[in-house]
Amino acid sequence: MRDLCGREIDYVRVSITDRCNLRCVYCMPEKGVASMRHGDVLTYEEIVRTVRALASLGIRHVRVTGGEPMARRGCLDLVERIHVIPGIETVSMTTNGLLLAGRVAWAREAGLDALNISLDTLDPDAYRRITRGGDVAQVLQTMDEALSLGMRVKVNAVPVRGLNEDGLTALAALAREHPIQVRFIELMPLGCGAALEPIPSDEIVSRMTSAFGPMQPDAQCHGFGPAQYFRPEGFAGSIGVISPMSHAFCGRCNRVRLTADGFLKLCLNHTAGLDVRSLLRSGAEDSALLDALREAILRKPLSHGFTEAIGDRESRRMNQIGG
Ligand code: SAM
Ligand code: SF4
């Protein structure tokens, strides 16, 4: 469906938990994280019902995210249930990859079309430091499994000054060997990210050009999102940049988000949205659910407003929103 700004909204990111097996420094505090109460988190029944309603409004693509989606028991059963909803064309997952090692074939069978793997460095020590304890070998195993099954794979990295900047070209070089997209996403000033310094996309592009030579824009479209892709000479895949801060793409935004506690978020940085959980649990009929979702999506904010003074700025962390 189209919102009041004329944008076609066909994509939902569904966060199924705010819990995570890692504590990436730009996303979650190391200690003292209060998790959502079990009873506040949508059940899989409730998620499936909401996605079915969204599909009838024109949502075609679903991304399962978190927290770490694989940290919630039954995640792949949910993938299977979403995969068969009429109207849903693709189901993908954003994951840190650790808990999928050894289980990608199962995920594929459940109907997972594509994987976005978050990986900020290939250096085992730096990875352990950034994630506060993760083992990069498991992430690479997941990537290899997915590639050997012919799945579409993207690697997402958040470049942070003084944190992973030395390893960014080594990370990008994964796309030389493999038919994947390595994407650099500008750090957003949400939660723990607000205290760190982002490396802007323009700087990433010039670093990559110095390392790999001229970067031809990659004409092939890779997905439904806002990344700009480049393919250096001799690369099997490509390098992408996503620039929410330096080159906002709100005018082309195609997505809404469902948080694990059942709030339909219309924009990453705005609190505006719909309390879907209350609707579902107050016994709303399908028609009432559909009307409420439609009304909410129509009012999707025009821009994220990260760089302006807006009244209803988001105070949740990324693990609570789903990225
Ligand atoms: N745990 C899964 C993962 O890491 O892929 C899914 C959830 S995580 C919140 C989704 C994405 O958000 C990750 O790629 C992560 O790097 C990114 N992220 C977290 N905090 C961020 C921030 N402040 N700015 C930009 N991206 C952020
Ligand atoms: Fe967990 Fe993903 Fe946040 Fe890292 S970025 S702490 S893996 S939710």
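The values are calculated or read from the model by the stated rules, or taken from the named source; none is laboratory data. If you're wondering where the values come from, they're calculated on a predicted model, not measured in any experiment. Please note: Cβ atoms are built from the backbone with ideal geometry, for glycine as well, and neighbour counts cover all protein chains shown. Note: accessible area is taken over every heavy atom of the protein model, side chains too, but ligands, DNA and RNA are not part of it. Shrake-Rupley method; radii C 1.70, N 1.55, O 1.52, S 1.80 Å.
Contact order for the stretch 1-151, expressed relative to its length and based on alpha carbon pairs under 8 Å spaced 6+ residues apart, stands at 25 percent. Per residue of the chain, the DSSP helices (runs of n ≥ 4 H) give a summed -39500 (n - 2.57) that works out to -8000 deg cm²/dmol at 222 nm. In this simple spin-label approximation, residue 84 and residue 138 carry label points 7 Å from Cα along the Cα→Cβ vector, and these lie 3.0 nm apart. Annotation: lysines with alpha-carbon distance below 22 angstrom to residue 265 (same-chain offsets under eight excluded): 300.
Label sites at residue 195 and residue 298, each approximated as a point 7 angstrom past Cα along Cα to Cβ, lie 4.4 nm apart. If Lys and Arg each add +1 and Asp and Glu each add -1, what is the summed charge of the other residues whose beta carbon sits under 11 Å from the beta carbon of residue 181? Here the charged neighbours net out to +3. Size estimate for the stretch 148-292 follows the Kirkwood approach: the inverse of mean 1/r over distinct Cα pairs works out to 17.4 Å. Averaging 1/r over each pair of different alpha-carbon atoms in the chain and inverting the result gives 20.0 Å, the Kirkwood hydrodynamic radius. In the chain, the DSSP beta bridges split such that about 30 percent are antiparallel, to the nearest 5.
In the chain, what percent of the accessible surface is made up of carbon and sulfur (1.4 Å probe, ligands and nucleic acids excluded)? Heavy-atom surface of the chain belonging to carbon and sulfur, 1.4 Å probe: 51 percent.
Take the stretch 11-321 with all the other protein chains still there, run a 1.4 Å probe, and you get 42 Å² of accessible area per residue. If you take all other residues with their beta carbon under 14 Å from the beta carbon of residue 150, and give Lys and Arg +1 and Asp and Glu -1, the sum is -2. Stretched out straight at 0.36 nm per residue, the stretch from residue 252 to residue 149 would grow longer than its current Cα-Cα span by 33.9 nm. Sum up the charges of everything whose Cβ sits under 13 Å from the Cβ of residue 3, counting Lys and Arg as +1 and Asp and Glu as -1, but leave residue 3 out. Residues near residue 3 contribute +4 overall. Here each label is just a point 7 Å from Cα along the line to Cβ, and for residue 30 and residue 271 those points are 3.1 nm apart. In terms of the mean number of neighbouring beta-carbon atoms within 10 Å, the peptides 155-168, 109-122 order highest first as 109-122, 155-168.
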